[in-house]
1. So which residues in the stretch 82-104 are surrounded by fewer than 18 Cβ atoms within 10 Å (Cβ to Cβ), more than 15 Å from the chain's Cα centre (by Cα) and within 26 Å of residue 165 (Cα to Cα), if there are any at all?
2. Would you confirm whether any residue within the stretch 14-33 is exposed (fewer than 15 other Cβ atoms within 10 Å of the Cβ) and at pLDDT 80 or above?
3. Please specify each residue of the stretch 335-372 satisfying the condition of being open to solvent by 30 Å² or more (accessible area, probe 1.4 Å), more than 21 Å from residue 471 (Cβ to Cβ) and not in a strand (DSSP E or B).
4. Is it the case, given these coordinates, that residue 235 is closer than 30 Å to residue 459 by Cα, surrounded by 19 or more Cβ atoms within 10 Å (Cβ to Cβ) and at pLDDT 95 or above?
5. Quick one: residue 330 ticks every box in (1) modelled with pLDDT under 95; (2) in a strand (DSSP E or B) except a single one, so which number is it?
6. So, residue 245, is that one in a helix (DSSP H, G or I), open to solvent by 40 Å² or more (accessible area, probe 1.4 Å), closer than 14 Å to residue 341 by Cα and of a type outside the set (Phe, Trp, Tyr) or not?
7. Say whether the condition of being in contact (Cβ under 8 Å) with a residue 60 or more places away in the chain, open to solvent by less than 40 Å² (accessible area, probe 1.4 Å) and within 15 Å of residue 185 (Cα to Cα) is met by at least one residue in the stretch 122-133.
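The values are calculated or read from the model by the stated rules, or taken from the named source; none is laboratory data. These figures come from a predicted structure and were not determined experimentally. Cβ placement follows ideal geometry from the backbone for every residue including glycine, while neighbour counts extend to all protein chains displayed. Note: areas computed on protein heavy atoms with side chains; ligands, DNA, RNA excluded. Shrake-Rupley method; radii C 1.70, N 1.55, O 1.52, S 1.80 Å.
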Amino acid sequence: MGAKFKIAGWVAIGALAGALTTMQLQATARNALAPLPLEEMQQLAAVFGMIKSDYVEPVDEKKLITDAISGMVSGLDPHSQYFDKKSFKEFREGTSGRFVGVGIEIGMEDGLVRVVSPIEGSPAFRAGLKTGDLITRIDDTPVKGMTIDQAVKRIRGEPNTKVILTIFRKSESRTFPVTITREEIRVQSVRGRIVEPGYAWLRISQFQDRTIEDFARKLEELFKAEPHMKGLVLDLRNDPGGLLEGAVAVSAAFLPRDAVVVTTNGQIPESKATFKAAPEYYVRRGGSDPLRRLPEAVKTVPLVVLVNEGSASASEIVAGALQDHKRAIIMGSQTFGKGSVQTVRQLTADTALKLTTARYYTPSGRSIQATGIVPDLMIDETPEGNVFSALRTREVDLTRHLENDHGDKQDPARAKAREEALKRLEEEAARQSQVPQRTLPEFGSAEDFQLQQALNRLKGQPVILSKTLTERKPDSTQSN
């Protein structure tokens with residue numbers, strides 16, 4: 001029996017070695033990079049063969065190879081990723097803003113799923129779900145103990161299938177089930193309204209395929225409703241980023257034509273690029289410029305941009321460009337610091353590789369990576385201070401994060417502060433188990449403290465600055 005296993009193992013080694021040799025020849029033919037290291041590749045083939053022949057139970061060869069690829073890519077940095085069939089489908093849904101579900105934006109509260117907002121026109125909206133509703137069960141499964149990702153996966157599903165959500169509505173002190181039929185949902189990544197005469201609030205929650213069109217349409221609506229706009233607040237808080245062309249277009253709406261928005265630099269020639277405030281840098285081939293309808297006043301309206309630790313990537317590009325060109329006042333807290341470019345290269349019809357290929361730089365040459373954008377005015381989340389900011393993870397906190405050009409490392413003081421903040425919240429919850437935990441007010445609401453400070457700035461009124469927030473600089477004292 002052992003001899004058979006060994007023979008099978010060596011056959012597997014030979015097969016994998018042959019495949020790797022083919023890969024090496026193809027890689028060498030494609031570019032002038034050094035050939036693959038033969039000794040290490042042979043070692044990989046040997047491990048593959050040992051697992052195939054000696055592991056306690058049979059292992060699928062395709063799974064072994066997929067896991068090997070995933071491990072190789074994930075060891076690079078937190079943002080490079082191998083997409084198998086399922087994860088590639090989820091990635092495309094995220095960037096397209098389309099998915100099959102019930103149409104609610106959700107968050108967590110007291111271990112339950114909280115409805116932040118039903119998407120207008122969605123099945124959840126038609127079923128009467130309201131902001132603040134708590135979901136206690138999804139079908140027959142209690143929500144308590146689930147992560148938000150687990151809840152999302154259970155709520156989503158195939159088109160025309162049903163899901164039963166058990167709702168607790170605080171305002172009515174009652175629990176009731178709602179049966180909703182899933183359908184394709186288009187996420188609205190842009191919201192906005194006139195918050196008071198002469199002043200508007202415009203929020204971008206993510207940069208997706210249709211963000212440019214939705215942004216231009218909403219901005220046009222706001223200026224039609226308020227032709228003599230005195231000030232605009234662009235809200236990028238908790239915007240994780242997304243598509244680069246969206247960031248270039250949003251910046252271009254407020255900047256002079258051909259102003260530099262962002263530059264990139266990496267190892268390959270294609271990664272060395274400059275993106276400017278002009279249609280050719282954000283309009284897709286054959287498309288028209290959605291910004292052409294905007295009034296000229298957009299270029300000069302007084303502008304405040306709100307950011308926080310959750311503002312990343314594309315939202316940092318917008319904040320950095322508007323800050324460098326002195327087109328806007330940036331307010332809030334220091335941003336996430338994801339200043340790296342990921343290129344998605346399709347491998348098969350159902351798989352792809354998302355690979356970090358460059359770093360982003362603001363128009364003045366500042367690297368965003370692991371530093372982020374430092375606001376002109378630091379503003380707390382609430383009048384009492386920052387409730388959750390210490391708990392939010394930033395790029396520099398991530399394992400294997402790509403370094404800033406001048407070197408950086410994880411900040412022990414910040415890690416300690418996050419642990420202490422988490423401990424305080426846990427202790428408070430233990431003492432006040434019958435009292436709902438504190439939650440931040442909804443962005444754009446009358447209780448939104450940072451929005452009120454932004455409006456005060458636009459009106460020339462006093463702004464309440466943070467007494468605790470300070471700039472976090474990368475640590476450049478690494479030993480060699």
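1. 86, 87, 89, 98, 100
2. Step one: list which residues in the stretch 14-33 are exposed (fewer than 15 other Cβ atoms within 10 Å of the Cβ), which gives 14, 18-19, 21-23, 25-33.
Pick out the ones that are also at pLDDT 80 or above and you get none.
No, because not a single residue in the stretch 14-33 is exposed (fewer than 15 other Cβ atoms within 10 Å of the Cβ) and at pLDDT 80 or above.
3. 347, 348, 349, 350
4. Answer is yes for this residue.
5. (1)
6. Numbers: in a helix (DSSP H, G or I): yes; open to solvent by 40 Å² or more (accessible area, probe 1.4 Å): yes; closer than 14 Å to residue 341 by Cα: yes; of a type outside the set (Phe, Trp, Tyr): yes.
Answer is yes for this residue.
7. Of the stretch 122-133, the ones in contact (Cβ under 8 Å) with a residue 60 or more places away in the chain are 122-123, 131.
Add one more test, that the residue is open to solvent by less than 40 Å² (accessible area, probe 1.4 Å), and what stays is 122-123.
Filter once more, so that each one left must be within 15 Å of residue 185 (Cα to Cα): 122-123.
Among the residues of the stretch 122-133, at least one is in contact (Cβ under 8 Å) with a residue 60 or more places away in the chain, open to solvent by less than 40 Å² (accessible area, probe 1.4 Å) and within 15 Å of residue 185 (Cα to Cα), which makes the answer yes.
Residue-by-condition table, conditions (1) among the β-branched types (Val, Ile, Thr); (2) open to solvent by 20 Å² or more (accessible area, probe 1.4 Å); (3) under 23 Å from the mean Cα position of the chain (by Cα):
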| site | (1), (2), (3) |
| --- | --- |
| 186 | no, yes, yes |
| 196 | no, yes, no |
| 204 | yes, no, yes |
| 216 | no, no, yes |
| 223 | no, no, no |
| 251 | no, no, yes |
| 258 | no, yes, no |
| 278 | no, no, no |
| 287 | no, yes, no |
